[in-house]
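Data first, discussion second: the structure below is written as structure tokens.
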Amino acid sequence: MIRDNDIKNTDFKFIDIGSMDTESIVRPSTSYWPDVWMRLRRNRLAMTCLTIIAVLTLLAIFAPILSDYEYDATNLSKANLPPCAEHWFGTDSVGRDLWTRVWVGARVSLMVGLVGAIIPFVIGTIVGAIAGWFGGWIDMIIMRIIDVGLCIPSMIYVILIILYLGGGAKSLIVAMAIMGWMGSARGFRARVLQFKNREFALAAKTLGASPKRIVFRHILPNILGNIAVGLASFIPSVIFMEAGLSFIGLGIAPPMTSLGQLASDGAGKYRTFFYQFAIPSLVISIIIFAFFMFGNCLRDSLDPKLRDQMLINGRRGRKDMAGKKVSADE
Amino acid sequence: MKKLRNLLLVLLVATLLFGTISGCNTYSGGSTSTPDQSTEPTSSGTDNENDDNGSGTEQPTVKETTFTFVGDQPNTLNMILSVSNIDSHIFYLTSAMLFRPYDGVSYPEVCEDFTVSEDKTVYTYKLRDAQYSDGTPITAEHFAYYLLARLDPEMGSPMAADLINTYGFLNAAAYNAGECSREDVGIKALDEKTLEITLERPIATFDGKLDIYPLREEFVKEKGEALGGTPDDLEYSGPYILKEWVLDGYMDFVKNPTYIDADKSFPTTNIRMVISSDHNTRVTMFENGEVDCLMNVGNDYLDILKDYIEHNPGGGHQAIQFNRLNQDPAKAAILGNKNFRKALSYALNREAIVAATNPSSAPLTRLVSSNHAGIREDSLFTEDFTPNTVPAAGDVNKAKEYLDAALQELGYSSVSELPTLEYLTFEVPTYRLIAETVIDQWKQLLGLENISILLLPVPQAIQAMMTYDYDIYYTSLSSGDDPIEILSMWVTGGTVNDITGSGRNLFENEKYDELVAEAIVTFDRQKRMELLAEAEQIILEEGPIEPLIVDGIYYAVAPYVEGFVYSSDYYQFNYLVVNK
Amino acid sequence: MRRYIVRRFFISVVTVWTIATVCFFLLRLLPGNPFLSTTIMKQDMVDKMMRYYGLDKPLWQQYITYMGNLLRGDFGYSLKYAGRSVNYVIKSTFPTSAQLGMQALFFGIPTGTLLGIISAKRRGKELDYAFNALSVIGISVPSFIIAALLQYILGLKLGWFPVAQWKSFSHTILPTLTLSFGIIASHCRSMRTLMLEVDQQDYLKTARAKGLGETRIVFFHQIRNAIIPMITGLGTEIAGLLMGSYVVEKIFSIPGMGSYFVTSIQGLDYTMVLGLVVFQGTFVVFANFLVDILYVIVDPRIRIS
Amino acid sequence: MSKHLLEVKDLYVSFDTYAGEVQAVRGVDFTLDGGETLAIVGESGCGKSVTVQTIMKLNPEPPSRIKGGSILYRGEELINKTNREMQAYRGKEFSMIFQDSMTSLNPTMRVGRQISEAILKHRKMDRKEAKKLAVEMLAKVGLPNPDKCYRQYPHTLSGGMRQRVMIAMALSCEPAILLADEPTTALDVTTQAQILELMKEIKERTGTSIILITHNLGVVSRMADRIAIMYAGKIVERGLPDDIFYRPKHPYTWGLLGSMPDMSLRTDRKLTSIPGTPPDLFAPPEGCAFASRCPYCMHVCLKHEPPVFDMSEEHQSACWLIDSRAEMVVPPLGEDKTLRVKGRGGHVV
């Protein structure tokens, strides 16, 4: 209850309305990308994944340099040693130091994964955009080409490439590019179609914007979020494909090796020398896991609708809003 | 419109259901006829044992025994087009033979006896009465047709050249080239029971005991392209009938009562060959007792089954082949340089490499491998003659000397100036491991940095080799049954020396050619072996290849199996007894 | 509706024909031929076999004869394994791969979808974390590692299931688990996303306003709308799985079709590769075709434009 | 036993969002009697929808939180009922119509079935009877050939027809109270009139009391028995239609009335608009929420919240102008308007 004597008569003087700042925006408004980064930084799981990726990349770059063994130096007298002080990851059947080989392999897998994912992704994005935007017979033709391309066993491309480009990382990346772009093109086309007849795209069209401008200035920024998520999930699937190829025997040319190659070689030995199978498998799984999980967290922090639901998990959301409570939601 | 939608819905559900129903009995065929856990003493397979197709006689009630083993699935059971000894393993079981080899000795089977002309060119065989499983008798014409079909240019058999080189039947080459008709060839069935073979020239190594099978021409015509594809596209005259063949699954054989020596040999009534490409699966099945024998144990599992495995040395030879006919003259010079080859060979410690990469094989430092007969029937060629060649453990100092000599001859001041050489090999895990080890040993010991490895699937690798589009090629050659077979490959125009038959030879040495040619016609064993030993010494010195490894196989047999004899060509279960 | 079906059917047939043609000529780009092996290395031997199989004829002539046989449904005989017709190989190995694929699908998809629904409903709680982690692990571990681990732990160490071969239902459990691990993972993830998207729709609020029970709302309103986008990927997924997986069939030595894809390409067995590719192509194309029809049935809003 | 059908006392509802707590409803009181239509008017974002949805507890619990107050329905407290208990009330005691009928109907389920679903839940009927009743309801709401309409999918119907389906659905279980959350905003004017007529007719026929939420005073003038003006989570003025239209005491009400186009006015008169935007309830201002936009803002308005002054038994308003110490103000409602009022002599509640 407001007691009368609190209020003095003078309080009843009118105030000139102009002096008031009626338009002050109270809530901290941030533009889109810093907002995403802010939320991502708060998501502890995303940060752990990023650190894992960073640590593994650093190890992949520096471990072989610092190690006093060459990755391909065989030492037949010290074959099949279990992990010991001298060889942290032990040695393989011809005495090569597995610690160096795992990190050289990680270097290859990451490089093939990163480069082998970005190139097809970019090609896929462009082709998808064209197919999605122009539609009609262009779209039909591109889609049919992709249908046919995906049905041809990818092994034929790989053998062809290995024959004409040699077996190095370069040919593996080209192989990934050929196999990868179709998948991402199809995915991206669906996205473009989704946004194509949304109001803001039509509005831009009515203002006479050229198709290229609409796709790249209006639709693309909207889809940028999905692109980032798509890329974060595409990198691990490329590493996956490379491991599969190594299992069939079309992996990277010796003496170089990759994590997939080490793991598939080890697969035969898991009863006799379990560590030769377990360590490369663990490392490759962690890399793929980290990328996928990061992709998840990225998707969460990008979706505005999800932003408010971030705190659905409990009343005390407001106090410890920093990551602790935030789950790795979809 | 609504009706159409319901129809489509029903159709969709039907396809899904059909998928599962049709799928779910894929293995029912398997499980009924096979004893799941073969721990039960006798095969309780529900299929009734004595429904052998067509045999009239009531089969005496013999104790039911089953022998289950893991073997390789044959490429084909088409006798004319069959190429590899994987197939002959099966023919040994399903087909009768003129002479049936067992444990290294050929015993007459369908052949009663045979006479040889003085000049050792005409061999006449008398046949016993034998019959196919459908009752029709086996005649000399069938044996003749088997050989003629493989020489017939129209039948496309790849083994024609092999037959011509090994036996040299009269006019065989001409017939194969299409210059003469079938009648002119020295393979004739004089009558139902006599077969006459005429050779162009006497061959010392041919003892007349042909291990050939009967083949009916009308059966081949009737089956056409399907010959040898499934159990019913096959003639049965041997100890067993192939009852069921599930691709990549298993092959079931049941004893054939109409076989000529059915009562004397092959006591086991049922044989099941399980096909599994994964070594780990095979070992686990053996440990669980699901199978009684593994024909091939993977290198990684040797110490797991160490008290069951036995070694058989007689595999193929793996050697490093240098391409003297390389398009690039600089490389041709290097690869043709004897000292360079010797340097590379002496640098390798074959024993250590074999122990690490492929323990089931053995180091090879010469061309003739250990299991070939020497001067006497029972002595070994390798014991009678020891050429001076690279020590099995290698000799690094000598390797360096050779290398310096080679560099000096070729005019290079140091190893790093050499052009990059490409090491081509098959895309097989063990070959890849050997390649990586060999390359690294050369790098560590000789400082040879620039060697790259190219792994290709088998057809592409061989195609590159046949077009001389390689520098160093890791080759795999068959070890043959006799030293002469190996050495004759490297004669000028030999099958491996001049691979495309275009007159370009990797290795040309008259002395070597003379020695081998003479050996072929020398019947005196002692003399022949000495000639061959001398020839081997020459090729070891001058030859374009450096032998590295002789493939071996470890096989594992369960203790309760008796009379097991391992052969790299045939499943010799003649006296095998399973008393579980 | 009928016009659309006919048009789509025509497009499918053309697609399969293109697949066969492209694959036919692509294979010929690979050097070497199917007859080369360590035992056949002489050129004249190879030429004889080429003539026997008619591979010495000009390429377009071979193409026409092959296409003629294809129309009659005859895939011809394998070049590497004389006497073994491609039809026979498909007839004997496809049911095994199909059964394994079906089992993995019927186990994987419902489980994955269910986990997705639960983790969406229990959003933010422990169950959601658990299923989320499981689904990401499921996707990130290559299948040959999962297969080896399952075989080692469940098969060898605990002996619950037979380690390999294809003899009875218990033999199919480990391979099915390996295959369905990935399926469960991907379906759980996508279903969870879709459920969350539908969560914010207004018609759920209407349903609650009608006083319907939570389970009824989830099943009749939420899932029914969330499941629709899942159908699009189903076609290729089913087709892919039914063709068998090289890895699982190699590790569990199952007589399936998966291994034939790899070995026939490595061995350049032209007819076998083409037969398998055309068979798979037809399957994939018509699986997509069926999925489009299913799409129309499930989602009334989609009228065929 | 309170004599009112529905009584909402001092209701506080707020949402926990990532940026902090948004106090959507800050102490709302109102009552509703049988057969009566209460209109709640206010700009968007003033908390009117939240209030109504909180009655039926439709807001998902974690983000939204009922901080205090009580909702008595026929004397029974609803605040602390669980979701399961509320299910018995929803659809049966209260039912709701939403604004955008396009997104409020399940696109993959036939319209008829969505109606019979509610009937089956609340009334002891078998499928056939429920279908018959549903078709009846469709007829009652004036849909052409209800049988065919029963089997239609939502996307095949027009906006107006969909809204009628919503109404049929809501009334199928003869609820005591119909909560209409801006039922006509998404419709064009002609359909809007039909829907309002329909609601009015149904109210007379079944005696259902209605809480009508809208930001359109034109709609209110035709329907409402009592009106409540909401602003920034509070009711700033309530009363009978005559009180609000002819004797408004709160500057915000004046603003609303001023901005309402009226056929009878001469065309040259400019419509007044209220400058500024409603405050962000993330950090509600101290004094009167309307102070920043109020042309008659005084110092006291910035410091203290205005108490509720009773002009008459039904008419209350919360504004310091009514206080005796404030200067007398003439509401700016134009000369020809008969709404000249002298506010004086209200006492503090």
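The values are calculated or read from the model by the stated rules, or taken from the named source; none is laboratory data. The model shown is predicted, which means the values in this text are computed figures rather than measured ones. Glycine gets a Cβ as well: all are built from the backbone with ideal geometry, and neighbour counts include every protein chain shown. Ligands, DNA and RNA are excluded from the accessible area calculation, which covers all protein heavy atoms including side chains. Shrake-Rupley method; radii C 1.70, N 1.55, O 1.52, S 1.80 Å.
Please average, across the residues of A:157-170, the number of beta carbons from any other chain that are within 10 Å of each residue's own beta carbon, and give a whole number. Let's see the in-between values first.
On the way: counts 1, 1, 12, 5, 0, 6, 10, 1, 0, 3, 6, 1, 0, 0.
If you average over the peptide's residues, the count of other-chain Cβ atoms is 3.
Give the span of chain C's Cα atoms along each principal axis, as three whole-Å numbers ordered largest to smallest.
Projected onto its principal axes, the Cα set of chain C covers 83, 58, 30 Å.
Return the value, in Å² to the nearest 100, of accessible area buried between chains C and D (probe 1.4 Å, both sides summed).
Working: alone 17150 and 16960 Å², together 31970 Å².
Separately minus together, C and D give about 2100 Å² buried.
So, in nm, how far is label B:Glu183 from label A:Arg41 when the simple model puts each one 7 Å beyond its Cα toward the Cβ?
For the pair B:Glu183/A:Arg41, the computed spacing is 10.0 nm.
Please report Rg over Rh for region D:1-61, where both radii come from the alpha carbon positions and Rh follows the Kirkwood definition. Show your work: numbers first, answer last.
Working: Rg = 13.0 Å, Rh = 12.9 Å.
Computed over Cα atoms, the ratio is 1.01.
Roughly to the nearest percent, how much of the accessible area of chain D is carbon and sulfur, given a 1.4 Å probe?
Working: 7950 of 14490 Å².
Carbon and sulfur atoms account for 55 percent of the accessible area of chain D.
Could you work out the mean count of beta carbons from other protein chains within 10 Å of each residue's beta carbon in B:225-232? Don't jump to the answer; show the numbers that get you there.
Details: counts 8, 6, 3, 4, 9, 5, 0, 0.
Shielding by partners across B:225-232 averages 4.
If eta is 1.002 mPa s and T is 20 °C, what Stokes-Einstein diffusion coefficient results for region D:31-101, Kirkwood Rh from Cα pairs, in µm²/s?
Details: Rh = 13.6 Å.
The diffusion coefficient I find is 157 µm²/s.
Under a point spin-label approximation (7 Å from Cα along Cα-to-Cβ), what is the B:Thr382-B:Lys400 distance to one decimal in nm?
Roughly 3.1 nm, to one decimal.
Given all pairs of different Cα atoms, what value in angstroms does the Kirkwood hydrodynamic radius of region C:1-146 take?
For region C:1-146, inverting the mean 1/r across all distinct Cα pairs yields 20.6 Å.
Taking 8 Å as the Cα distance limit and 6 or more residues as the minimum spacing, I'd like the relative contact order of region A:33-324 as a percentage. Mind dumping the intermediate values first?
On the way: 391 pairs, mean separation 70.9, N = 292.
Normalised by residue count, the contact order of region A:33-324 is 24 percent.
Return the FRET efficiency for the residue pair A:Lys212, B:Ala392: r is the Cβ-Cβ distance, R0 is 60 Å, and the value is rounded to the nearest 0.05. Before the final figure, lay out the partial values.
Details: r = 71 Å, r/R0 = 1.18.
According to the calculation, E is roughly 0.25.
Take C:Arg2 and C:Ile302, extend 7 Å from each Cα along the Cα→Cβ direction, and tell me the distance between the two endpoints in nm.
So the two model labels end up 2.2 nm from each other.
Which percent of the accessible heavy-atom area of region B:328-380 goes to carbon and sulfur, probe 1.4 angstrom?
Working: 900 of 1680 Å².
Carbon and sulfur together cover 54 percent of it.
Please go through the residue pairs B:Lys221/B:Lys255; B:Lys398/B:Lys443; B:Lys338/B:Lys398 and name each one whose alpha carbons sit more than 18 Å apart in this structure. Each step should come with its number before you reach the end.
Numbers: B:Lys221/B:Lys255 27 Å; B:Lys398/B:Lys443 16 Å; B:Lys338/B:Lys398 13 Å.
Violating the 18 Å Cα-Cα cut-off are B:Lys221/B:Lys255.
Could you work out Rg/(2.2 N^0.38 Å) for chain D, with Rg from alpha carbons only?
Its radius of gyration relative to the 2.2 N^0.38 Å reference: 1.05.
Kindly report the accessible area of region B:317-551 per residue (heavy atoms of protein chains, probe 1.4 Å, no ligands, DNA or RNA), in Å². Provide the component values of the computation, followed by the final result.
Details: 8270 Å² over 235 residues.
So region B:317-551 comes to 35 Å² accessible per residue, rounded to a whole number.
Out of region B:286-380, which trypsin sites (Lys or Arg not before Pro) are coil in DSSP terms and have no more than 16 other C-beta atoms within 10 Å?
On the way: sites: B:Lys306, B:Arg324, B:Lys331, B:Lys338, B:Arg341, B:Lys342, B:Arg350, B:Arg366, B:Arg376; in loops: B:Lys306, B:Arg324, B:Arg366, B:Arg376.
Qualifying residues, ordered by number: B:Lys306, B:Arg376.
Mind listing, in residue-number order, the residues in region B:282-317 that have at least 30 Å² less accessible area with every protein chain present than in their own chain alone (1.4 Å probe)?
B:Thr284, B:Glu290, B:Asp300, B:Tyr301, B:Ile304
Over all distinct alpha-carbon pairs, what is the Kirkwood Rh of region D:138-291 in angstrom?
Details: mean 1/r = 0.0556 Å⁻¹.
Evaluated on region D:138-291, it is 18.0 Å.
Need the C-alpha centroid separation for region B:348-362 versus region C:178-205, integer Å.
The two parts, judged by their Cα centres, are 54 Å apart.
Per residue, how large is the accessible surface of region B:75-118? Use a 1.4 angstrom probe and give square angstrom.
On the way: 1480 Å² over 44 residues.
For region B:75-118, the per-residue accessible area is 34 Å².
List, in order, the whole-Hz ³J(HN,Hα) value for each residue of region B:413-424 obtained from phi through the Karplus relation with A = 6.51, B = -1.76, C = 1.60 and θ = phi - 60°; use x for Gly and Pro.
7, 8, 4, 5, 7, 5, x, 6, 9, 9, 9, 9
Quote the relative contact order of chain D in percent (integer), defining contacts as alpha-carbon pairs under 8 Å separated by 6+ residues.
Details: 652 pairs, mean separation 63.5, N = 349.
Reported relative contact order: 18 percent.
Quick one: plug the Kirkwood hydrodynamic radius of the protein assembly as shown (C-alpha pairs) into Stokes-Einstein at 4 °C, 1.567 mPa s, and report D in µm²/s. Could you put the intermediate results ahead of the total?
Details: Rh = 39.2 Å.
Roughly 33 µm²/s, to the nearest whole number.
For region C:61-105, list whatever residues lose no less than 50 Å² of accessible surface once every protein chain is in place, relative to that chain by itself, with the probe at 1.4 Å.
Those are C:Tyr77, C:Ala82, C:Gly83, C:Arg84, C:Tyr88, C:Gln99, C:Met102, which lose 50 Å² or more relative to the chain on its own.
How large is the accessible surface per residue of chain C, computed with a 1.4 Å probe and reported in Å² as a whole number?
Averaged over the residues of chain C, the accessible area is 37 Å².
Say R0 is 35 Å: what FRET efficiency, to the nearest 0.05, do C:Ala133 and D:Arg65 get from their beta-carbon distance?
On the way: r = 30 Å, r/R0 = 0.86.
In this case the efficiency is close to 0.70.
Along each principal axis of its Cα atoms, how long is region B:317-551 end to end? Whole angstroms, biggest number first, please.
Its Cα atoms span 52, 39, 37 Å along the three principal axes.
Which of the trypsin sites (Lys or Arg not before Pro) found in region D:100-148 are loop residues per DSSP with 11 or fewer other Cβ atoms within 10 Å of their Cβ?
On the way: sites: D:Arg110, D:Arg113, D:Lys121, D:Arg123, D:Lys124, D:Arg127, D:Lys128, D:Lys131, D:Lys132, D:Lys140, D:Lys148; in loops: D:Arg110, D:Arg123, D:Lys124.
Filter output for region D:100-148: D:Lys124.
Hey, what angle do you get for helix B:396-410 against the long axis of chain B, alpha-carbon based, 0 to 90 degrees rounded to 10?
Roughly 70 degrees, rounded to the nearest 10.
Taking both sides together, what accessible area is buried at the B/C interface, probe 1.4 Å, expressed in Å² and rounded to the nearest 100? Write out the running numbers ahead of the final one.
On the way: alone 26200 and 17150 Å², together 37560 Å².
So the total buried area for this chain pair works out to about 5800 Å².
Whole percent per 20 Å bin, from 0 to the bin with the longest distance: what is P(r) over all C-alpha pairs of chain B?
Binned Cα distances yield the sequence 18, 47, 29, 6, 0.
Take region A:138-252, compute every pairwise Cα distance, and split them into 10 Å bins from 0; I just need the percent in each bin.
So the P(r) values, bin by bin, are 12, 34, 29, 17, 8, 1.
With a 1.4 Å probe, what is the total accessible area buried between chains A and C, in Å² rounded to the nearest 100?
On the way: alone 19370 and 17150 Å², together 32380 Å².
In total, this chain pair buries about 4100 Å².
With just the Cα atoms defining each centre, how far is region B:245-297 from region B:129-187? Give it in Å.
31
If you count the DSSP beta bridges with both ends in chain B, what percent of them are antiparallel, to the nearest 5? Walk me through the numbers before you get to the answer.
Working: 54 of 70 bridges.
Bridges in chain B that DSSP calls antiparallel: roughly 75 percent.
Where in region B:415-438 does accessible area fall by at least 50 Å² between the isolated chain and the complete protein assembly, at a 1.4 Å probe radius?
B:Glu427, B:Arg432, B:Glu436
Using only Cα atoms and rounding to the nearest 10 degrees, what angle (0 to 90) does helix B:85-94 make with the longest principal axis of chain B?
Tilt of helix B:85-94: around 30 degrees.
Residue by residue through region D:27-39, what is 3J(HN,Hα) from phi via Karplus (6.51 cos²θ - 1.76 cosθ + 1.60, θ = phi - 60°)? Round to whole Hz and write x for glycine and proline.
Each residue's phi maps through the Karplus curve to give x, 10, 10, 6, 10, 9, 9, x, x, 9, 10, 9, 9 Hz.
Which value, in Å³ per residue, describes the convex hull spanned by the Cα atoms of region A:33-324? Don't jump to the answer; show the numbers that get you there.
Details: hull volume 49.4 nm³, N = 292.
In region A:33-324, the Cα hull volume divided by residue count equals 169 Å³.
Looking at region B:229-318, what % of the alpha carbon pairs are farther apart than 21 Å?
Numbers: 1946 of 4005 pairs.
I get 49 percent for the Cα pairs in region B:229-318 exceeding 21 Å.
Give the average, rounded to an integer, of partner chain Cβ atoms located within 10 angstrom of each Cβ in D:178-186. Write down the numbers at each step before the final one.
Values: counts 0, 1, 0, 2, 0, 0, 0, 0, 0.
Rounded to a whole number, the mean comes out at 0.
Roughly to the nearest percent, how much of the accessible area of chain C is carbon and sulfur, given a 1.4 Å probe? Display every interim value, and only then the final one.
Numbers: 7650 of 11160 Å².
In chain C, the share of accessible area belonging to carbon and sulfur is 69 percent.
Quick one: longest stretch of chain B between exposed loop chymotrypsin sites (Phe, Trp or Tyr not before Pro), exposed meaning at most 14 other C-beta atoms within 10 Å and loop per DSSP?
Numbers: sites that count: B:Phe523, B:Tyr560.
Answer from the scan: B:1-522.
Roll a 1.4 Å probe over the protein heavy atoms and report the accessible area of D:Lys303 in Å², nearest 10.
100
Give the angle, between 0 and 90 degrees and rounded to the nearest 10, that separates the Cα long axis of helix C:126-140 from the longest principal axis of the Cα atoms of chain C.
Orientation of helix C:126-140: about 10 degrees from the principal axis.
Can you tell me what share of the DSSP beta bridges in the protein assembly as shown is antiparallel? A percent to the nearest 5 is fine. Kindly include the intermediate steps, with their values, before the conclusion.
Details: 88 of 123 bridges.
Taking every DSSP beta bridge within the protein assembly as shown, about 70 percent pair in antiparallel fashion.
Regarding region C:93-180, what are the three Cα extents along the principal axes, ordered largest first, in Å?
The principal-axis extents, from largest down, are 43, 29, 21 Å.
Just to verify a number: what accessible area does D:Glu174 come out at with the full protein assembly present, 1.4 Å probe, Å² rounded to tens?
In the full protein context, D:Glu174 sits at about 110 Å².
Can you check how the C-alpha radius of gyration of region A:45-115 compares to 2.2 N^0.38 Å, as a plain ratio?
Working: Rg = 13.6 Å, N = 71, 2.2 N^0.38 = 11.1 Å.
For region A:45-115, the normalised Cα radius of gyration is 1.22.
Over the C-alpha atoms of region B:110-256, what are the Rg and the largest Cα-to-Cα span, Dmax, in Å?
Reported Rg and Dmax, both Å: 16.5, 52.
In whole angstrom, note down how far apart the Cα centers of region C:283-298 and region A:95-161 are.
26
For a Förster distance of 22 Å, can you work out the FRET efficiency between the beta-carbons of D:Thr206 and D:Arg151, rounded to the nearest 0.05? Could the numbers behind the result be given before it?
Numbers: r = 26 Å, r/R0 = 1.20.
In this case the efficiency is close to 0.25.
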